Amino acid sequence: MTPFRSATALAAASALLATTLTGCQFGGQEQDTSPIVIAADLELSGAAASIGKAYRQALELKVEQLNDSGALNGRTIELLLKDNRSDASESLRNIVDFGNDSRVSAIIMGGCNECAVGAVRTINENQIPTVALAPAGAVANPVADRRYVFKLAPNATDNAGALTVELSRRKITSVGLLRSDDTYGREGADALRSEFRKAGIQLLAEASVRTTDTEVDRQAGTLAAAEPEALVVWTPPEQAMLAAGAVKQAGFTGPLYFDASAAGDLFLGASARAAERATLVFTQTMVIDDVIATTPAKAARRQWFQDYTARFGGYHGSSSFAADAVQLIVDAELRAGGPIGKVDRDSLRDVLETSQLDGLSGPIRMTPDNHSGLMPQALTTLVARNGRWRLAS
């Protein structure tokens, strides 16, 4: 090529580049309209299907609301759902599939503690940000070994502290404990013993129940025979309601105290009589219709409660955690940026790690040292009254 032709070609290329840059800088910048793909591994069948159904309903409602909001800068959210059948092995297979799907920005996992803990290594190896709704502390700790795993659910230490405060306020000095026979149940027992020692409360008897059990009469009899002043129930909702009836049948007449994991439907149905006057530590959103909406965050929680109830004919306490997980991921995706049309999981993880949100569940704060973001202030005391949960007065 002659020097003249080389110079001419270079000038043409420079002119084309200048035209392209001018178009980008002055209103012609390409807009990212690629979908935000969120995968969800949920207990849609098996022993935990009831809470899995609540999570699915919440995810679908929240995605619909965000897609209709016009606040996603021209993008939309797509939700990919897989049923883990309440089985950790099936859950792990789902996580592998999601991790290998280049379209997926992040994963939401359901309430199965063993599923979330068992998937940690795979999640880290695939470097895919994951928000788990399971309550076990081992889901997100130690943080150094769980860089891509985050948790949205009340923490055992916070629940134990709130329950102990309430027991002390009522001058109760002896307690029986029914807990789930899993990671979270063991964490709860340890946390309660620590708080009880400081408060001078004696743990007279302890029994465990599997999350798949459909009767708890034997455990109820053991606890009632110890004659504690009160009974703490630290199990999923199904076993908690079974326990409420079983301990009454076994002759226990003292008050019942439920950990946050026992929160299920707002209305207690067939368990209403046995659970009457029971105390539950949970988030305020469960009873937000009892609360005056004095802040934008409370107004948003009330609107969520109303929308969920109107759509599904009732309210499930844990639905707000699923909705907040979607919001956290979407906010992080929009903030993370990255190449147009491509998923940047590392940038998304980095943003998630410093996320702050006045969520539907309460205040959420993630930090590099704490991947379990629900703040203790989110918890309050509820009481079962006339067949449903109410804000304790």
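Some notes on this structure:
- Label point at ASP346 placed 7 Å out along Cα→Cβ; residues across segment 363-393 whose backbone nitrogen lies under 19 Å: 368
- Ordering LEU379, LEU133, LEU92 by accessible surface, largest first, gives LEU92, LEU379, LEU133; the 1.4 Å probe counts only protein heavy atoms, with every chain in place.
- Available extension along the chain between ARG273 and LYS53 is 76.7 nm, counting 0.36 nm per residue and deducting the alpha carbon span.
- Relative to one another, the C-alpha centroids of segment 243-277 and segment 64-102 are positioned 35 Å apart.
- Rough spin-label spacing in nm, given labels placed 7 Å along Cα→Cβ, for ASP290 and ARG193: 3.3 nm
- Largest-first principal axis extents of the Cα set of the chain (Å): 102, 42, 38
- Rg and Dmax of segment 146-287, both derived from C-alpha coordinates alone, stand at 14.3, 48 Å.
- The shape of segment 24-85 can be summarised by an equivalent ellipsoid whose semi-axes, obtained from the alpha carbon gyration tensor, come to 34, 12, 5 Å from longest to shortest.
- Rolling a 1.4 Å probe over the protein heavy atoms leaves SER393 with an accessible area of roughly 150 Å².
- As a fraction of the 1.4 Å probe accessible area of the chain, surface on carbon and sulfur atoms comes out at 51 percent.
- At R0 = 30 Å, FRET efficiency that the Cβ-Cβ distance of THR367 and ARG103 yields, to 0.05: 0.55
- THR33/ARG390 FRET efficiency (R0 30 Å; Cβ-Cβ; nearest 0.05): 0.05
- Estimated distance in nm for a label pair at GLN249 and ALA88, the labels positioned 7 Å out from Cα along Cα-to-Cβ: 3.1 nm
- With a Förster radius of 25 Å applied to the beta-carbon distance between ALA71 and PHE312, the computed FRET efficiency rounds to 0.55.
- Accessible-area ranking of LYS62, LYS53, largest first, probe 1.4 Å: LYS53, LYS62
- Here is how the number arises for the chain: DSSP H runs of 4 or more residues each give -39500 (n - 2.57), the sum is divided by the residue count, and the result at 222 nm is -13500 deg cm²/dmol.
- Diffusion coefficient, µm² s⁻¹, Stokes-Einstein with Kirkwood Rh over alpha-carbon pairs of segment 245-378 at 25 °C and 0.890 mPa s: 143 µm²/s
- Segment 300-322 versus segment 172-232: alpha-carbon centroid distance in Å: 31 Å
- Charge context of ASP213, other residues only, Cβ under 15 angstrom, K/R +1, D/E -1: -2
- Over the chain, relative contact order from alpha-carbon pairs under 8 Å, at least 6 apart, %: 16 percent
The values are calculated or read from the model by the stated rules, or taken from the named source; none is laboratory data. Treat the numbers as computed from the prediction; the structure is a model and nothing was measured. Here Cβ is always computed from backbone atoms with ideal geometry, including for glycine, and neighbour counts include all displayed protein chains. These area figures cover heavy atoms from the full protein model, side chains too; ligands, DNA and RNA do not enter into them. Shrake-Rupley method; radii C 1.70, N 1.55, O 1.52, S 1.80 Å.
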